[in-house]
Every structure is written in structure tokens, then in C-alpha cells.
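Engineer: If you scroll down you'll find the structure; I have some questions about it.
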Amino acid sequence: MTGRSEDYHAALASTSRRQVLDVLLAAAEPLDAAGVAEALALHVTTARFHLDQLADAGLARRRPSAEKRRGRPRILYAPAGAAHDSDAREQLIGVLADTLARENEPAADATSAGRRWADTFDTPAADGPVGGLVEVLDRIGFDPELTPDGQAIQLHACPFRGAAREHPEVVCSVHRGLVQRLLESTGPAAQLVPFVEPELCLITLDRPATS
């Protein structure tokens with residue numbers, strides 16, 4: 001992805017396009033235009049336009065679906081770089097964070113992106129809001145651990161640590177929005193405290209301590 005930074009920033013100048021990329025990054029598998037349209041309440045033609053713009057800029061990749069069906073196959077979209085290619089994914093996150101950092105209110109925009117990201121996850125009601133949050137954080141790759149007193153969640157890893165160090169006002173705000181949304185209504189108030197140690201972040205929970 002090196003050497004095309006300006007192309008990437010131009011493609012991400014559109015707020016809607018950044019939201020489409022957010023959805024692709026959060027998805028567990030490639031999506032078609034209809035799936036992106038549903039996630040963002042867009043017309044499918046509009047979603048397809050933004051997806052093609054991202055693909056043409058090298059920020060997403062497209063491929064036909066392998067399913068057998070009559071007519072033309074569905075076109076699926078995924079973030080540039082294979083899902084297992086952590087370096088490519090980290091670069092892509094870095095480009096998105098750098099673009100958001102150029103906005104007038106990067107933290108507010110990033111927090112809103114995090115809240116939209118949270119809406120893509122199904123959380124188990126049986127474990128309560130905190131348990132659901134821990135499960136989502138584990139799926140993303142934060143290696144979360146609820147402290148014995150139940151007052152905090154320690155994040156021992158971060159799949160976006162490089163971008164977070166470069167643009168904490170963006171990346172950490174995305175994570176803050178994610179946490180807030182997942183605990184909204186039924187969960188305790190929470191505060192994300194980034195980098196309490198070089199390799200540790202903390203989510204503090206405002207609820208009675210467990211015995």
C-alpha cells in the first residue's frame with residue numbers, strides 16, 4: 001500500500017465511503033453491496049458505487065461469489081489485504097485513522113464510527129452487557145480480562161496498536177464508541193483509559209464491586 005497515500009485519502013474524503021470501509025473492516029466475511037446497504041441504510045446502488053470507488057483506489061478488493069446460482073454471480077467486497085495479513089490490515093487502519101485525523105472533529109467522528117461498528121455484533125444476553133462486551137473484545141483481538149473485583153477490563157493486546165500510537169485521538173475514540181454502544185442502556189458507565197502501560201489499556205466500569 002506504500003506510495004499511494006494521496007489516492008487513499010482522496011477516496012476516503014467522502015464520509016459515506018469511510019463508513020462503508022468501516023463496515024468492511026468490521027465484517028467477519030466479505031460482503032456484497034446489499035449487505036453493506038443494509039448495514040448503513042443506503043440504497044444498494046449507492047453502496048455499490050462507494051464499494052467500487054474503494055476497490056478502484058486499492059482500499060478494498062472484489063471477487064465473484066463461489067455460490068452456484070442463475071445469472072451473474074454476486075460480487076463480494078473485503079478490505080484490501082487478506083484477513084490473515086495483519087500488516088496489510090494494520091496499514092489500512094492507519095490510512096483510515098490518518099484520514100479521520102484530518103477532519104475538524106476527528107474524535108467525534110471516530111466515536112460515531114465505533115458506535116456503528118458495535119451495531120454489527122451480536123452479543124449474548126445470557127452473560128449480561130459486560131460479559132457480552134468481553135466476548136466482542138476477545139473476538140476482535142484485544143485479549144480482554146475482567147479484573148477479580150469486576151471493576152475493570154484489562155486489554156492486554158490491541159490489533160490496531162500501531163495506528164493507535166500514531167493517532168490515539170482517532171483509533172482510541174473508535175474503541176471508546178464501541179464500548180459505549182455495547183454497554184448502552186443496560187450496562188454500567190465505562191471509561192476507556194488507553195496505554196496505562198506500554199502494552200496495556202484499561203476499561204473502568206462504574207458498578208458495585210463483586211465479592
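A short reminder: the numbers here are calculations on the coordinates, not readings from a lab. Small disclaimer: the values here were computed from a predicted structure and weren't measured. Backbone-built Cβ (ideal geometry, glycine too); neighbour counts: all protein chains shown.
Engineer: Jot down the per residue volume, in cubic angstrom and as a whole number, of the convex hull over the alpha-carbon atoms of the chain. Could the numbers behind the result be given before it?
Structural biologist: Working: hull volume 28.4 nm³, N = 211.
Normalising the Cα hull of the chain by residue number yields 134 Å³.
Engineer: May I pose another question? Gain in length, Glu199 to Ser185, computed as 0.36 nm per residue apart minus the alpha-carbon separation, to one decimal in nm? Intermediate values should be presented prior to the final figure.
Structural biologist: Details: separation 14, 0.36 × 14 = 5.04 nm, distance 3.05 nm.
The Glu199-Ser185 span can extend by a further 2.0 nm.
Engineer: Further question on the same structure: For the chain, set up a GNM with springs between Cα atoms under 10 Å and report which of Glu197, Glu184, Glu145 has the largest fluctuation.
Structural biologist: Per the Cα network of the chain with a 10 Å cutoff, Glu197 tops the list.
Engineer: Roughly speaking, what is the centre-to-centre gap between region 8-37 and region 147-211 when only Cα atoms are used, to the nearest Å?
Structural biologist: Cα centroid to Cα centroid, the span is 25 Å.
Engineer: Now for a separate question. I need the peptides 154-161, 103-110 ranked by packing, meaning the mean over residues of other C-beta atoms within 10 angstrom, with the highest value on top. Don't skip to the end; give the middle numbers.
Structural biologist: Details: 154-161: 17.9, 103-110: 15.6.
Highest-to-lowest ranking by the protection proxy: 154-161, 103-110.
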